[in-house]
Amino acid sequence: MTKTPDPAPLKGLLGDEHEHLLIDGVPHALALGLKLVELTRANATVKLPYDPRLIGNPETGVIHGGAVTTLLDNVSGLAVFAAMEELTSIATLDLRIDYMRAATPGKDILGHAHCYKVTRTIAFVRGTAYEDTPDDPIATCTGAFMLGANAGRKPGANTTGQGALGETGGGK
């Protein structure tokens with residue numbers, strides 16, 4: 001069996017002892033309790049532990065679809081980072097999710113994503129949310145991520161001044 005190479009430069013930058021920062025550094029991922037399971041070249045697997053706070057329908061106990069969407073968005077972004085030769089900021093441009101079935105109440109959900117193409121400005125990803133096997137998916141996704149999302153933007157660029165619709169921002 002051949003071992004898939006570690007994703008560089010993520011592993012070199014963080015090291016095994018700091019991999020948790022890939023999830024813990026994202027506030028909504030941390031709030032949902034997402035856990036990094038595996039990270040290899042262009043692939044990521046993340047677990048969404050079952051939590052009663054995430055139930056969408058109290059009568060059924062099924063996890064809300066928004067939590068599944070967040071899982072797939074996060075694991076897809078990690079797969080993009082794991083495919084990069086040089087780290088840069090990313091932003092989700094498009095994320096299509098097809099729900100196949102409801103999650104099973106009481107079971108953790110796994111999300112796996114593979115970044116199958118990286119261009120100069122866009123990365124493309126496919127992903128699956130499942131419980132026991134990817135062959136019985138809860139949902140699948142395809143996504144596109146912009147690379148260098150913050151390139152050339154000055155700090156605070158979206159926090160002050162006049163917006164596109166003439167509104168002022170910055171909390172003043």
How far apart, in nm, are the 7 Å Cα→Cβ label points at Ala31 and Arg120?
-> 3.8 nm
Mind ordering 99-105, 73-79 by average Cβ neighbours within 10 Å, highest first?
-> 73-79, 99-105
Which order results if His28, His112 are arranged by neighbouring Cβ count within 10 Å, fewest first?
-> His28, His112
If every Lys and Arg gets +1 and every Asp and Glu gets -1 at its Cβ, then about the Cα centre the range 35-157 yields a dipole, in debye to the nearest 20, of 500 debye
Rounded to the nearest 0.05, what FRET efficiency do Asp98 and Thr60 have when you use their Cβ-Cβ distance and R0 = 22 Å?
-> 0.60
Kindly put Lys117, Lys35 in sequence by how many other C-beta atoms sit within 10 Å of each C-beta, fewest to most.
-> Lys117, Lys35
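Since every read-out is calculated from the coordinates, none of them should be taken as a lab result. Remember, it's a predicted structure, so these values are computed and weren't measured experimentally. Cβ sites come from the backbone with ideal geometry, for glycine too, and all protein chains shown count toward neighbours.
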